[in-house]
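What follows is one structure encoded as structure tokens, with my remarks underneath.
The values are calculated or read from the model by the stated rules, or taken from the named source; none is laboratory data. Keep in mind that what you see is a predicted model, and the values were worked out from it rather than measured. Cβ placement follows ideal geometry from the backbone for every residue including glycine, while neighbour counts extend to all protein chains displayed. We work out accessible area using only protein heavy atoms, side chains counted, and drop any ligands, DNA or RNA first. Shrake-Rupley method; radii C 1.70, N 1.55, O 1.52, S 1.80 Å.
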Amino acid sequence: MPKNIVVTPPDVCTLCPRRCKADRAAGQCGFCGAGNTLKVARAALHFWEEPCISGTKGSGTVFFSGCTLKCCFCQNYPISAEGLGKEITVEHLAEIFLNLQAQGAHNINLVTPGQWRPWIIAALDLARAQGLHLPIVCNTGGYETVESVAAWRGSIDIWLADLKYVSAALSAELSAAPDYFAQARPAIEAMMAQAGHPVFDAEGILQKGVILRHLALPGHMDDSFAVLDQMAAWNEADPGCFLPSVMSQYTPFYKAAEHGIGRRITTYEYRRVVNYAMDKGLTMGYMQQKSSAKEEYTPSFDLTGV
Ligand code: SF4
């Protein structure tokens, strides 16, 4: 495998909607915590995504350090907010992708990759030249620019995107992003235009398309309804253009209690959100068993596989 692929870090970073203009080339870290050297926290097969992603053999999941959102309830906060990770080269990342493929992964699942996009695209190109052939999943919180979605074209097959909020006040309070919905809506529309309708292989494993996730939060059913209204509008305009996934696994990690969401959702709340989705015609997708709200479903963060 060729060595010494050099990626020039942005000197005025605008990779995400923060557009914080960090001089990452000079070693400055942006709002997301990312600097000038690629950092990865975990790489392993993961079995708890939607069934069309995890299948029977697992999703080849790679967790990238840092995050452009600052969700107070992040279940991965040691990685997203506290900088856990190991600095690696582009060549090493390509080897990680190929190792996951050799382990039998159905796909390569890039978790929160946006702040490292130039490095990851270089690693994907390198790994493909070495035989990587799996679908590539971009697992994102939905806080993306349209320009970033366009820049991933040709590298990403599946968008596994959150639509977390509609309310600007709520997204400001919980994720430090008052413009969350204003950014996510056009970005998700760009993802759907790019990936097209979902396509599955003979075993029911997703090969291309968009999954839109919504994590129901305790005490915020009204905003969940607003999110589902938006999803329903997309689905009515182009039936089946994405797969909805309504999630119950919220667990009050990190600083959640300081922001008024220090409990799990009740069965009543989750049922109401799911029923609302069904009433709106969002029937071809996924919902979770309430038992998914267990901390053991959160992988441990110990630099596995890096
Ligand atoms: S990716 Fe990070 S450094 Fe770049 S604009 Fe966003 S927050 Fe700033």
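Can you order the peptides 231-239, 18-26 by their average number of other Cβ atoms within 10 Å per residue, highest first?
Taking the mean over residues of other Cβ atoms within 10 Å, the ranking is 18-26, 231-239.
Among the DSSP beta bridges whose two residues both lie in the chain, what percent are antiparallel, rounded to the nearest 5?
30 percent
For segment 144-191, evaluate the Debye formula with one uniform point scatterer on each Cα (no solvent term) and list log10 I(q)/I(0) at q = 0.14, 0.21, 0.26, 0.27 Å⁻¹, rounded to two decimals.
Listed by q, the Debye log ratios stand at -0.36, -0.70, -0.91, -0.95.
Taking 41 Å as R0, compute the FRET efficiency from the Cβ-Cβ separation of Glu258 and Lys57 and round it to 0.05.
Approximately 0.55, to the nearest 0.05.
Among all helices in the chain defined by DSSP H, which have a length of 20 Å or more along the axis from Cα atoms plus a Kyte-Doolittle mean of at least 0.0?
Answer set is 180-195.
Keeping every protein chain present and rolling a 1.4 Å probe, give me the accessible area per residue for segment 33-295 in Å².
38 Å²
So, by mean Cβ neighbours within 10 angstrom, what's the order for 66-73, 27-34 with the highest one leading?
Top of the packing list down: 66-73, 27-34.
When ranked by the protection proxy of mean other Cβ atoms within 10 Å per residue, highest first, what sequence do the peptides 158-169, 46-57 form?
Final packing ranking: 158-169, 46-57.
Report, to the nearest whole %, how much of the accessible area of the chain belongs to carbon and sulfur atoms, 1.4 Å probe, protein only.
51 percent
Could you give the radius of gyration (one decimal) and Dmax (whole number) of the Cα atoms in segment 33-295, in Å?
When restricted to Cα atoms, segment 33-295 yields Rg and Dmax of 17.5, 50 Å.
Convex hull over the alpha-carbon atoms of segment 90-212: what's its volume per residue in Å³?
107 Å³
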